[in-house]
Structure formats: C-alpha cells, structure tokens
Amino acid sequence: MQAPLLTTERLSIEPVSLDHWEEHAAMWGNPELTAFIGGGKPRPRDESWRRFIGAPGLWHLLGYGYWSFLDKETGVYLGTGGLANFERGVAELEGYPEAGWAFAPSAWNKGYATEAMQVILSWADAHLDVKEIRCIIDHANKASIRVAEKLGFTYLCDNEDVLGPVQVYRREAVKETKERFNI
C-alpha cells in the first residue's frame with residue numbers, strides 16, 4: 001500500500017518520494033528542528049536516509065505511515081509526519097499508531113502542523129480499525145503540546161523514551177468521519 005494523496009486548503013500531503021529527499025535531509029540536520037526531537041541533536045545524513053526510506057515501508061507493513069508536507073501553491077517541502085510504529089520500547093505506545101509531525105523552522109507558527117495532522121487523523125479515523133492514537137512529546141516542546149491539544153490529544157503520562165523523558169498523549173478515534181472518505 002502507498003500513502004494516499006491528501007490535501008488541505010494550503011497543503012499537499014503526499015507520499016514520500018525521492019523528490020523530497022534533499023529538503024528532508026537539510027531539515028533534520030537543522031539543530032533548531034531537533035532541539036526537542038531525537039535527543040536534541042541534528043541527524044547525520046545517513047540516519048536521515050534510513051528514516052526517510054523507512055516511511056514507504058510503514059505503509060507496506062502497517063497500512064499507515066508518514067507523508068511529506070508540501071506547500072500546495074509552490075510545491076515547497078515543509079515537513080513530514082503521519083502515523084508510525086517505531087518500536088521505541090515505550091509500553092504506553094505498544095498496540096497504538098503513534099502520531100508525529102516535524103516541520104522546517106521556516107514553516108513554524110503558521111498552523112501547518114495542526115492543518116496537516118487534522119486531515120491525517122480524519123483519514124485514520126475513517127480507514128484504521130484502532131480505538132485510539134497516541135503520541136510522545138518532549139515536556140519542553142510547548143508548541144507541539146499545543147498542536148496535540150488542538151488535535152484532541154490529552155495527557156496520559158510521563159515516560160522515559162530511549163532518548164530521554166517524554167510525555168505520552170492519547171486521542172480516541174472518531175468513527176463518524178467514514179462518510180468524508182466515502183467508506
């Protein structure tokens with residue numbers, strides 16, 4: 001299975017492709033982006049590549065995964081996100097899709113994360129047979145906590161991720177969205 005194309009008023013939410021690789025690598029090499037993600041260190045190019053090529057694999061194995069977020073008007077790469085199972089060893093994530101999002105600093109504070117993840121979560125509610133979706137956020141990442149709350153996530157607990165302390169959030173599935181996707 002490949003990621004479906006989703007759109008919002010401002011975004012094209014597309015399957016990950018090699019066309020997005022250079023911008024993806026540059027984004028993950030930026031210390032501003034990784035301040036609250038991945039242990040606070042920019043990702044080396046080889047690590048970014050392994051994670052990048054893993055995105056299509058999520059779709060084939062799980063029926064959900066990550067997308068690339070592009071500016072609908074210009075085609076500029078803004079970030080990545082979606083749903084995953086990263087086998088982090090966090091008990092509260094086991095058995096649940098994990099939501100995640102990351103945007104290049106030039107795309108921050110514009111509402112893109114909420115906009116992208118709203119349509120992704122609506123897609124998940126319509127297509128996945130799961131009772132809830134969870135996410136983890138660094139306790140100091142106030143912007144992502146605000147996004148999660150806008151998306152309907154609520155605080156579940158604190159935990160120690162392999163990269164350090166995180167907060168676990170949960171969001172119950174909303175099954176009334178099936179008609180939006182003609183199911």
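Values quoted throughout were computed directly from the atomic coordinates according to the rules given, and no laboratory measurement underlies them. Quick caveat, the model's predicted, so the values are computed rather than measured. All Cβ positions, even for glycine, are placed from backbone atoms using ideal geometry, and neighbour counts span all protein chains on display.
Before moving on, here are some points about what is shown:
- Tensor-based shape of the stretch 6-181 (alpha-carbon gyration tensor, a/c under 1.5 rounded, otherwise prolate or oblate): rounded
- Entry note, the chain: relative contact order of 19 percent, from Cα contacts under 8 Å with a spacing of 6+ residues.
- Partner lysines whose Cα lies under 28 Å from the Cα of K72, excluding those fewer than 8 positions away in the same chain, are identified as K110, K142, K150, K175, K178.
- Secondary structure note: in the stretch 6-181, about 95% of the DSSP beta bridges are antiparallel.
- Sum of side-chain charges, Y64 neighbourhood, beta-carbon under 12 Å (Lys, Arg +1; Asp, Glu -1): -3
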